Amino acid sequence: ILAGNTIDSIGDKLLGLTLLYHLDIRLTELSSIEDNAFSGLQSLFSLLLSSNKISSIEDGAFSDLQYLRQLDISRNEISSIEDGAFSGLQSLVTLSLSSNKISSIEDGAFSDLQYLRLIALDNNNLTTVSAKIFDKETDLHALLLRGNPLICCTMADFFEWRSNQNNITESDGTCTDFNSTTDINSFNVSKCPIDGGWSSWVNSTCSVTCGNGIQSRSRTCDSPIPSGGGKYCEGSDEETLECSLIDCPESCKGSGKKPESKRMKARKWKRYQYRQLRRTDTHNK
């Protein structure tokens, strides 16, 4: 037990304690958790780090704690959680990050914690929670989010993910949108505006059968279609590009004509497409 003393870093203070089962470092001056700070503590089952001044967790800080089941880092000054912060914690069951200053969590931050049953993120500064911070399927039983300024319509993927987590029996928190505050377990995401997304590009054929020509490509704003006041896709729905095919035969060269400009090629290609369209329309009448 190191609780209540004035240490501000771990350094090599824990070297050689390979049979340590429980470690209490609460209420100290600890401000960060360095890479491999707990190296060699393979037997550690419980680690308490609450009520310190920890503002960052380095990637790999817990990588040796493969049998750790409980990790409490509540009441610190952590502002963000990066992917890799909890790598190596393959046996972790409970994780408390309550009462920090967390405003962002990177995608995949908790995806390796396959045995996690409880995660406490309450009383932080989160405005959104993405489904991408977890695995698609988890064995979570409790997810605590109360006390965060969550905005409902920024969490559409989370609500879909949450509806598929059949083992969660305790889930709390509220979110705000449409000038009202709603329990996160009952918010109707269908009320949210949906911004449009571009489809994949569709290419036309090259304007020539050999040599260099032009080629247009187009896309549509239907993946998804904007709805409920959502934004239309940004950017152009059509582009013109150069295309290069096999070299033309010698018999087609040496005509003495000057090379056509890109603009002229584009005009000819559009006229060609228009004629083809007219022919198709005439044929269908």
Unique match (being of a type in the set (Asp, Glu), touching a helix residue (DSSP H, G or I) at 6+ places or on another chain (Cβ under 9 Å) and within 30 Å of Leu20 (Cα to Cα)) among Asp83, Asp72, Asp59, Asp139
Asp83
Those residues of the stretch 88-98 which are part of a loop (DSSP other than H, G, I, E, B) and either surrounded by fewer than 21 Cβ atoms within 10 Å (Cβ to Cβ) or touching a Ser or Thr at 6+ places or on another chain (Cβ under 6 Å) (or both) amount to Gly88, Gln90, Ser91, Val93, Ser98
Does Leu27 qualify as being surrounded by 20 or more Cβ atoms within 10 Å (Cβ to Cβ), without any contact (Cβ under 8 Å) to a residue 40 or more places away in the chain and not polar (S, T, N, Q)?
no
As an exercise: evaluate Ser32 against (1) modelled with pLDDT of 90 or more; (2) in contact with a strand residue (DSSP E or B) (Cβ under 8 Å, 6 or more places away or on another chain); (3) hydroxyl-bearing (Ser, Thr, Tyr) and give the number of the one condition it does not meet.
(1)
Scan the stretch 111-136 residue by residue and report those that are in contact with a helix residue (DSSP H, G or I) (Cβ under 8 Å, 6 or more places away or on another chain) and modelled with pLDDT of 95 or more.
Thr127, Thr128, Val129
Quick test for you: out of Asp172, Asp183, pick the one residue that is touching a residue at least 24 places away in the same chain (Cβ under 8 Å) and not aromatic (Phe, Trp, Tyr).
Asp172
Being of a type outside the set (S, T, N, Q) and not in a loop (DSSP other than H, G, I, E, B) narrows it down to one residue among Lys132, Lys136, Lys101; which is it?
Lys132
In the stretch 194-215, which residues are of a type outside the set (Val, Ile, Thr) and touching a Lys or Arg at 6+ places or on another chain (Cβ under 8 Å)?
Asp195, Gly196, Trp198, Ser199, Ser200, Trp201, Asn203, Ser204, Ser207, Gly213
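The values are calculated or read from the model by the stated rules, or taken from the named source; none is laboratory data. This structure is a prediction, so every number in the text was calculated from the model and none was measured. So basically every Cβ, Gly included, is an ideal-geometry build from the backbone, and we count neighbours across all protein chains shown.
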